[in-house]
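Could you have a look at this structure, given as structure tokens, before my questions?
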Amino acid sequence: MTDVTKYRNVSLSNETYKGGHLLSTKMFKGLQVSMSQLIDALVAEKIKDLKLEKELKEYNKQILDIS
């Protein structure tokens with residue numbers, strides 16, 4: 001069974017999934033990464049771009065308290 005303290009699930013449309021695979025080959029220089037790895041990379045990049053690292057730490061505490 002999945003450890004819900006470490007993992008969550010997400011559903012994507014077929015078009016988004018297809019676009020994700022194309023995007024991953026461009027982002028990772030032709031390497032095919034999993035959709036989970038792509039989403040991890042995109043979220044981390046956006047968090048960094050928006051300078052939300054501190055806010056993310058606070059938000060994580062809220063999420064873990066709810067679970």
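Distance in nm between label sites at Lys29 and Glu55, each 7 Å beyond Cα in the beta-carbon direction?
So the two model labels end up 3.3 nm from each other.
Next up: Using mean Cβ contacts within 10 Å as the protection proxy, how do 29-42, 9-22 order, highest first?
Details: 29-42: 12.1, 9-22: 9.9.
In decreasing order of mean packing, 29-42, 9-22 become 29-42, 9-22.
Which of (1) 14.2, 40; (2) 19.4, 61; (3) 12.0, 41 is the computed Rg and Dmax of the Cα atoms in Å for the structure on display?
It is the value labelled (1).
Also: With unit charges on the beta carbon (Lys/Arg positive, Asp/Glu negative), name the residue among Ser24, Ala44, Ser34 whose Cα is farthest towards the positive pole of the charge dipole of the chain.
Projecting each Cα onto the dipole axis, the largest value belongs to Ser24.
Could you work out the helix-only [θ] at 222 nm for the chain, with each DSSP H run of four or more residues adding -39,500 (n - 2.57) and the total divided by the number of residues, to the nearest 500 deg cm²/dmol?
Mean residue ellipticity, 222 nm, calculated: -21000 deg cm²/dmol.
Rounded, prolate or oblate, given the Cα gyration tensor of the stretch 1-40, with a/c below 1.5 counting as rounded?
It is oblate, given that a/c is not under 1.5 and a/b is not larger than b/c.
Here is a follow-up. Starting from 0.36 nm per residue, how many nanometres of slack lie between Ser36 and Leu22 once their C-alpha separation is accounted for?
That works out to 3.6 nm of additional length.
A short reminder: the numbers here are calculations on the coordinates, not readings from a lab. Quick caveat: nothing in here was measured; it's all calculated off a predicted structure. FYI the Cβ positions are ideal-geometry reconstructions off the backbone, even for glycines, and counts take in every protein chain you see.
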